[in-house]
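Notes follow once the structure below has been shown.
The values are calculated or read from the model by the stated rules, or taken from the named source; none is laboratory data. Nothing here was measured: the structure is a model prediction, and the numbers come from that model. Cβ coordinates were reconstructed from backbone atoms using ideal geometry, including for glycine residues, and neighbour counts include every protein chain displayed. To get the accessible areas, we keep the full protein, side chains included, count just its heavy atoms, and leave off ligands, DNA and RNA. Shrake-Rupley method; radii C 1.70, N 1.55, O 1.52, S 1.80 Å.
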Amino acid sequence: MTTFEFSRAPLEPSQLAADLADPACGGYASFEGWVRNENEGRRVERLDYESFETLAIREGERIIQEAIERFGVRHARCVHRIGELGLGELAVWVGVASGHRAEAFAACRYIIDEVKHRVPIWKKEHYADGDSGWVNCERCAEAAHHAHASGHAHDHDHGQGHGHATSSPVAVDYSRQIALPEVGEAGQRRLAAASVVIVGAGGLGCPVLSYLSAAGVGTIHIVDGDVVEASNLHRQPLYGVGDIGQPKAHVAADRLSAAHPNVMIRAHATRLDAGNAAQLLALGEVVVDCTDNFRAKFLVNDAAVLARKPAVLASIHQYEGQLQVARPDRGGSCLRCVWPEATRDGLVGNCAESGVLGPVPAVLGSLQAMEVLKILLDLPGQLRDELLLIDLLGLRQTRLRAPRAVECSGAGCARIHGLPAPAPEDLELDLPLAEAARRGLRIIDIRGAEEIEAAPLPVEASLAYAQERLIAEAATLLDPSARYLVVCARGVRSLAVAERLRAAGFSAVHSLARGADGTRRAR
C-alpha cells in the first residue's frame, strides 16, 4: 500500500479507512479537509491544486515514516487531491491505525501539520468576483474538532481543501529592489525571464540559491550529486537534521519552491562531469560554480568558456575566500588565465580536511549571488579580469589583476582544447574495505597519523604512506603487478593520488569512493 499519494479522482473515506483495517489495532484516527464556499469573507466557487509530484511524494512518504517511528503506530496513509475541485469535495485525507487511540490522534495531527509545512502543494482559489491566485499551502492544520468515544476521530474542518482557512492570495513583493533606479520594473522582468545553473548546493550554494530565488530569478537549476550529511548543517542552512541522507538537490528544491512558488526550481541530482556538462550548462544563461574541489571548478570554467557563458566562481580555505567572474562572452579572462594547468585535488585541503566556519562560505556565496544579479541586470561594477581575495579574520580584501592570457584571441581560450576525458569507471571503487581486502586489493592509507589514530580503518591497512612520499617513491614502494586501493578521509586526496599513480604506469590503482568517513557512515 502506498503511504502518500495524489489522486485526481474523488476520495472515498470509507474505502480508504478499510484499507487500514488491522485486528491488532484498537485505535483509529482520521483527518478530512473539505472545500468550503468562503475564505476570510470572500466567496469561493472552486479550487485548483497542483504539486511537484515526484518531490512531493518523496517528502510525503518521509513524513508518514516519521510518524510511524515517532508515535509507534502500525499503519498511516495520506491521500491528497490535485486538479480542479468543487465546493464540498474532499481535498485531503489522513488515516492512522494503532494499538491505542492516543498514538493514533497524535500521529494523525503530526502528519497533516507536516504535510502542510513541507510538501510542495499549491492551491488556486477561484472567487465569485472573478479574482483568483495561487497560494502555497504551508500553515498548520487546526486541531481536531470532533473526537468520538469509540476511538475514531474525524476532523471535519471545512477549510480550503487543507482543513484550514488561508490568507487571501498575495503577489510576491519585490518592491524594495524594484525601487532601485538600476532595477525598476524592467529589471524585475529581466530577472523573471532569466535562467541560472548553480553547480553545488553546499556552503557556497545555499546562499546563492537563497538570494537568487528570493530576487525572483525565473528558473534555477541545481546540479549536485551529494546527500545531506550531519557535518553540513553548520554552514548549509537550507538543510536540517531530518534531511540527512537525502539528495541535496531535491531537498534544496523543496525548500526553495515552498518559499518562492513563483520561481521554477529544477533539481538535477547528479555530479557535473565531462559527459553532461555541455547539456546542463545549456539550461542557463549564467553558471555559478559552488563546488568544493578543483576538478569540478576547472570543469565548470572550461565548459562555460566553450559555451561562451558567464561563470561566477568562488573557493574558500579556512577563513579566506576568492571570487572570480569569467566572461568569455565578452572576451574576458578565465580560471586558466591564472592557473594554466588544473590544480590537482588533495594538494590543498577542502572543508572536510581543513575546517571552516559557517559565515565564510556564506559571505563568498552572497558575493557570488550579487555578481550574478549584476550580470543579469547589467549593473555597473561587475568583477572582470581580476580576483577578489577576502580575509575574514582580518576583514581585509584585495583585488588582483587577472588579465586574459596573451595567447588567447577572439572568444576562445588557447588553453582549453575541449573538456577532459571522463575518469576511468574503475578509478573509484565504492565497496566495504573488508570486501576490498577479500578481493585481493592492498589497502594504502594516506591519512596523517592523527587521522589514523582518531579513526582507524575497520581492516588492517596493507600499507600506510604519506601521499607525497607515495607519489614520489611509487617506483620503489609499489609492485606494478599488484592491485591497490588508496584511502583518505573523504575520497578527495586518494582520488588525486590514484590518478597520479595511474599516469605513472600503475594501472591497477583505485581510490575508495567517499573515503574512510563514508565507509563508517555506511556501516
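With each label modelled as a point 7 angstrom along the Cα→C-beta vector, the Met264-Arg46 pair spans 2.6 nm. Each of Val227, Val263 has its accessible area taken with a 1.4 Å probe; listed largest first, they run Val227, Val263.
Scanning residues 5 or more positions from Leu427 or on other chains, none has an amide H under 5 Å from its amide H, with H placed 1.01 Å from N in the peptide plane.
Take the Cα of Ser462, step 7 Å toward its Cβ, do the same at Ala179, and the gap between the two points is 6.8 nm.
Under a model in which nothing but the beta-carbon of Lys, Arg (+1) and Asp, Glu (-1) is charged, segment 426-497 shows a dipole of about 140 debye around its Cα centre. Would you list, by chain and number, the lysines whose Cα falls below 24 Å from the Cα of Lys297, excluding same-chain residues fewer than 8 positions away? Straight-line reach from Lys297, under 24 Å: Lys248, Lys309, Lys374. Note on Tyr319 and Lys124: with the Förster distance fixed at 30 Å, the Cβ-Cβ geometry gives a FRET efficiency of about 0.05. For every other residue with a beta carbon closer than 13 angstrom to the beta carbon of Thr2, add +1 if it is Lys or Arg and -1 if Asp or Glu, then tell me the sum. In short, -2.
Placing Asp48, Asp289 in order of accessible area, with the largest value first and a 1.4 Å probe, yields Asp48, Asp289. Since only Ala252, Ala214, Gln236 are under comparison, the one whose Cα sits farthest along the positive direction of the charge dipole of segment 201-263, derived from C-beta charges on Lys, Arg, Asp and Glu, is Ala214. For a paramagnetic label modelled on Asp19 (point 7 Å from Cα along Cα→Cβ), amide N atoms under 14 Å away belong, within segment 75-95, to 75-82, 92-95. For segment 459-498, the Cβ-based charge dipole about the Cα centre amounts to some 180 debye (Lys, Arg positive; Asp, Glu negative; other atoms uncharged).
Counting heavy atoms of the protein chains alone, Arg295 has an accessible area of about 100 Å² for a 1.4 Å probe. List the relative contact order of segment 227-274 as a percent without decimals, with contacts defined as Cα pairs under 8 Å and 6+ residues apart. Dividing the mean separation by the residue count of segment 227-274 yields 31 percent. In this structure Thr476 has an accessible area near 120 Å², from a 1.4 Å probe over the protein heavy atoms. Each Lys and Arg Cβ is given +1 and each Asp and Glu Cβ -1; about its Cα centre, segment 207-285 then shows a dipole of about 100 debye.
Solvent-accessible surface (1.4 Å probe) assigned to Cys108 amounts to roughly 10 Å². Per-residue accessible area (protein heavy atoms, 1.4 Å probe) orders Met370, Met264 as Met370, Met264, starting from the largest.
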